[in-house]
Amino acid sequence: MTDNVHTGSIPDERPPANTVGPVAWLRNNLFNTWYNALLTILIAWLLVKAIPPLLDWLIFSANSFGTPPQVCRQQGGACWTFVSEKLRFVMFGTFPYDEQWRPLVTIVIIIALVLMSCDRRFWKPWLGLMWVGGLTAVGVLMWGGVLGLTYVENTLWGGLPLTLMLSVIGLSVAFPASILLALGRRSQLPAIRVMSVTYIELIRGVPLISLLFMASVMFPLFLPTGVNFDKLLRAQIAFIMFAAAYMAEAIRGGLQAIPKGQYEAADALGLNYWQAMRKIILPQALAISIPPLVNTFISFFKDTSLVIIIGLYDLLGTAKAALSDPAWRGFYREAYLFIGVIYWVFCYSMSKYSQKLERDLRRGHRR
Amino acid sequence: MKSGILAAAAAAVVFGAVTGAQAGPTLDAVKGRGFVQCGVNAGLPGFGNPDSSGNWTGLDVDYCRAVAVALFNDPTKVKFTPLSAQQRFPAIQSGEVDLLSRNTTVTLTRDTSVGLNFAPVTYYDGQGFMVNKKLGVKSAKELNGATVCVQAGTTTELNLADYFRSNNMSYNPVVIESNDEVNAAYFAGRCDVLTTDASGLAGTRAGVAPVPDDHVILPEIISKEPLAPAVRHGDDQWFDVVKWTVYATIQAEEMGITSKNVDEFVNSKNPEIQRILGTSPGMGKALGLDEKWAYNVIKAVGNYGEIFERNVGLKTPLKLERGLNALWTNGGLQYAMPIR
């Protein structure tokens with residue numbers, strides 16, 4: 001009586017065609033409602049319209065390296081000769097041509113320092129010494145005048161080293177200042193609180209461009225004729241002031257997110273104010289503040305391009321100046337695309353790193 | 001005490017005025033420093049722009065070099081400071097630069113309230129119009145109802161409005177912030193007419209247009225834009241040096257002296273040439289310079305025609321005609337005052 005009982009296992013049935021496979025994926029993700037279907041069709045149509053001409057310009061009808069500019073203009077298509085011809089100027093600006101290995105080494109040093117600081121294994125006291133040593137080397141390389149290097153005035157600096165120096169030095173000086181400002185804003189001492197609030201609100205209340213104008217245009221008018229304060233230094237100070245105010249607000253957000261119990265616990269342990277801040281409050285507050293801080297870092301890195309209005313050649317400035325060479329006019333697509341890629345690489349790495357750091361530092365909070 | 005200081009200051013002023021021959025503060029500072037601080041455009045093709053190796057080139061730039069040669073007989077004794085349009089006047093007022101050679105239009109207010117002294121005009125420019133040949137337009141008077149691409153916030157925009165209003169014509173402005181984008185908009189066909197300074201139009205036509213012959217620059221010039229180097233008030237000797245350096249380059253062209261043949265003129269019997277080249281002394285001393293000042297300038301930088309042709313002339317990508325910038329003897333406006 002067992003011949004009507006099936007032995008062995010039944011072969012697996014294929015799932016219904018409308019739940020798996022590419023067709024199902026399309027139905028579930030792109031055409032699941034009528035408005036999504038409409039959007040899908042619209043976007044697909046736009047991509048079909050935009051991608052082929054873009055690829056054509058970028059690759060298929062692009063002119064190879066070495067094509068003279070007149071030929072490029074007639075052919076249409078991207079003229080990559082512009083980038084190869086102007087590469088050194090865009091990267092290093094008006095730095096003396098034969099000495100341009102110096103800014104190149106500077107870029108390497110700065111990037112190496114930043115990368116080292118990103119790895120938590122290197123978060124040791126000697127990292128500070130590395131920074132001091134590295135920045136000294138950068139100064140020696142850029143200025144020269146010692147060790148047989150010819151002296152190069154900082155008005156000749158430009159390109160990527162200038163962008164990196166303005167942002168890296170700006171952020172590393174502004175960061176400690178912003179912590180003090182954030183603590184000052186939440187201080188019990190009225191004088192310190194009022195000063196911090198005034199500073200932060202004053203700086204945040206004006207656009208960066210007006211601060212730069214103040215530093216570069218107004219400030220020298222108050223000095224006697226002939227007395228000059230270095231232009232680059234004035235811009236750097238304006239950037240530090242600006243970044244400090246914005247980062248202070250990001251950190252204040254972190255400080256306010258710390259539960260009151262943490263402050264009380266620190267008091268109960270008998271820690272004084274600085275001990276409590278350093279050992280209990282700030283490590284948590286800064287971890288919370290990472291997303292807004294990185295947000296500030298990224299926008300600040302891009303804001304350095306505003307120095308163009310005060311006549312400093314940062315990366316964007318050198319690209320624009322390269323376009324003003326009479327023989328190479330009109331290749332602005334190539335120029336802006338090239339520096340756009342450089343900016344993107346830096347900003348995207350910052351953003352990726354911050355996500356990693358956020359995950360690492362939040363481990364203790366995982367439930 | 002205060003009145004004592006005032007009296008001393010007044011005495012110093014009077015004393016300075018009486019002695020007269022004393023060099024002014026800027027000339028002294030420049031000589032002491034050993035180089036000229038020159039403010040130039042951060043990027044204007046043919047007038048001030050760095051080349052691929054980062055060396056400064058351009059017509060305005062060459063006049064910085066000429067002044068350096070007049071003072072130090074060395075065209076490298078210049079520190080170039082690229083200046084934005086907003087920065088240029090504070091930079092010269094505060095002494096950050098000694099000489100502003102940055103395509104600056106001479107106007108009354110700049111001469112007075114901005115406190116500048118303008119050297120002779122090195123480039124006579126004026127606003128013009130460029131149209132596509134297909135439109136068949138021959139004159140700006142036929143532009144009624146046209147769409148005009150113009151850069152925002154410039155005198156160009158105001159001149160355009162004035163011109164159309166005074167000719168009872170209407171137009172649709174397409175106002176764009178950056179010069180590159182104005183050009184791009186015009187070549188993409190967003191407007192019928194492109195307007196900016198005639199030198200800019202010629203440069204755009206020669207250097208940016210996909211097919212230069214498709215575009216034509218109309219004959220009407222609707223504004224005067226004389227571009228000249230400038231120094232700040234308060235040092236007449238320094239002003240004189242800059243002024244006569246420019247005149248020397250123009251005078252050299254009038255006499256046919258170039259950087260290549262200047263040595264042949266040194267033994268010339270012509271008293272005018274002798275005065276300029278310092279063979280018969282006096283001119284250099286009057287300016288407080290070496291007697292060979294003009295010889296050095298011509299030898300190192302060239303005469304006006306050479307400077308023009310090298311930077312913006314027909315052999316350059318900008319392909320500008322001499323036009324108003326021809327010598328007065330050829331129907332232009334370039335006219336040097338007598339060097340004697």
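Hey, among A:132, A:138, which residue is closer than 22 Å to residue A:233 by Cβ and surrounded by fewer than 11 Cβ atoms within 10 Å (Cβ to Cβ)?
Working: A:138 fails: surrounded by fewer than 11 Cβ atoms within 10 Å (Cβ to Cβ).
On inspection, the qualifying residue turns out to be A:132.
Name the residues in region B:241-263 that are under 20 Å from the mean Cα position of the chain (by Cα) and among the hydrophobic types (A, V, I, L, M, F, W, C), would you?
B:241, B:242, B:244, B:246, B:248, B:250, B:252
Taking the options A:140, A:197, name whichever one is assigned by TED's automatic domain parsing to the domain that holds residue A:309 and either in contact with an Asp or Glu (Cβ under 6 Å, 6 or more places away or on another chain) or in a helix (DSSP H, G or I) (or both).
Numbers: A:140 fails: assigned by TED's automatic domain parsing to the domain that holds residue A:309.
The conditions single out A:197.
Tally the residues that are of a type in the set (D, E, K, R) and away from chain A (no Cβ under 13 Å), restricting the search to region B:29-87. Don't jump to the end; show me each part of the working.
The first filter runs over region B:29-87 and keeps only residues of a type in the set (D, E, K, R), leaving B:31, B:33, B:51, B:60, B:62, B:65, B:74, B:77, B:79.
Checking which are away from chain A (no Cβ under 13 Å) leaves us with B:31, B:62, B:65, B:74, B:77.
Counting residues in region B:29-87 that are of a type in the set (D, E, K, R) and away from chain A (no Cβ under 13 Å) gives 5.
How many residues does region B:88-102 hold that are under 17 Å from the mean Cα position of the chain (by Cα), outside any helix (DSSP H, G or I) and within 12 Å of chain A (Cβ to nearest Cβ)?
Selection size over region B:88-102: 3.
In this structure, is residue A:219 within 12 Å of chain B (Cβ to nearest Cβ), outside any helix (DSSP H, G or I) and farther than 26 Å from residue A:295 by Cβ? Walk me through it before giving the result.
Values: within 12 Å of chain B (Cβ to nearest Cβ): yes; outside any helix (DSSP H, G or I): no; farther than 26 Å from residue A:295 by Cβ: yes.
Considered against the rule, which asks whether it is within 12 Å of chain B (Cβ to nearest Cβ), outside any helix (DSSP H, G or I) and farther than 26 Å from residue A:295 by Cβ, residue A:219 comes out as no.
Considering only residues that are of a type in the set (Lys, Arg) and farther than 17 Å from residue B:207 by Cα, which ones fall in region A:47-85? Write out each step before concluding.
Our first condition is that a residue be of a type in the set (Lys, Arg); within region A:47-85, this holds for A:49, A:73.
Result: A:49, single match.
Would you confirm, using the coordinates I've provided, whether residue A:8 is surrounded by 10 or more Cβ atoms within 10 Å (Cβ to Cβ) and not in a helix (DSSP H, G or I)? Give the steps one after another, and end with the answer.
On the way: surrounded by 10 or more Cβ atoms within 10 Å (Cβ to Cβ): no; not in a helix (DSSP H, G or I): yes.
So residue A:8 does not fit the description; no.
Looking at (1) touching a helix residue (DSSP H, G or I) at 6+ places or on another chain (Cβ under 9 Å); (2) in a loop (DSSP other than H, G, I, E, B); (3) hydroxyl-bearing (Ser, Thr, Tyr), can you tell me which one residue A:40 breaks?
Answer for residue A:40: the failing condition is (2).
Given B:99, B:59, B:143, B:83, which one is in contact (Cβ under 8 Å) with a residue 24 or more places away in the chain, crowded, with 24+ Cβ neighbours inside 10 Å, in contact with a helix residue (DSSP H, G or I) (Cβ under 9 Å, 6 or more places away or on another chain) and in the same structural domain as residue B:214 (by TED's automatic domain parsing)?
Residue meeting the stated conditions: B:143.
Applying the selection to region B:242-262, what residues are within 30 Å of residue B:32 (Cα to Cα) and either touching a strand residue (DSSP E or B) at 6+ places or on another chain (Cβ under 9 Å) or without any contact (Cβ under 8 Å) to a residue 24 or more places away in the chain (or both)? Working first, answer last.
First, pick out the residues of region B:242-262 that are within 30 Å of residue B:32 (Cα to Cα): B:242-252, B:259, B:262.
Matches in region B:242-262: B:242, B:243, B:250.
Can we say residue A:193 is out of contact with any Cys (no Cβ under 9 Å at 6 or more places or on another chain), more than 14 Å from chain B (Cβ to nearest Cβ), more than 30 Å from residue B:234 (Cβ to Cβ) and touching a residue at least 24 places away in the same chain (Cβ under 8 Å)? Quick ask: steps written out before the conclusion?
On the way: out of contact with any Cys (no Cβ under 9 Å at 6 or more places or on another chain): yes; more than 14 Å from chain B (Cβ to nearest Cβ): yes; more than 30 Å from residue B:234 (Cβ to Cβ): yes; touching a residue at least 24 places away in the same chain (Cβ under 8 Å): no.
Considered against the rule, which asks whether it is out of contact with any Cys (no Cβ under 9 Å at 6 or more places or on another chain), more than 14 Å from chain B (Cβ to nearest Cβ), more than 30 Å from residue B:234 (Cβ to Cβ) and touching a residue at least 24 places away in the same chain (Cβ under 8 Å), residue A:193 comes out as no.
Conditions first: (1) within 14 Å of chain A (Cβ to nearest Cβ); (2) over 20 Å from residue B:34 (Cβ atoms); (3) surrounded by fewer than 24 Cβ atoms within 10 Å (Cβ to Cβ). Residue B:106 passes all but one, so which condition is the exception?
All conditions are met except number (1).
Does any residue of region A:46-66 turn out to be crowded, with 19+ Cβ neighbours inside 10 Å, over 23 Å from residue A:347 (Cα atoms), within 14 Å of chain B (Cβ to nearest Cβ) and touching an Asp or Glu at 6+ places or on another chain (Cβ under 9 Å)?
no
The values are calculated or read from the model by the stated rules, or taken from the named source; none is laboratory data. Just so you know, these numbers come straight off a predicted model, no measurement behind them. In this analysis, Cβ positions are derived from the backbone assuming ideal geometry, glycine residues included, and neighbour counts consider all displayed protein chains.
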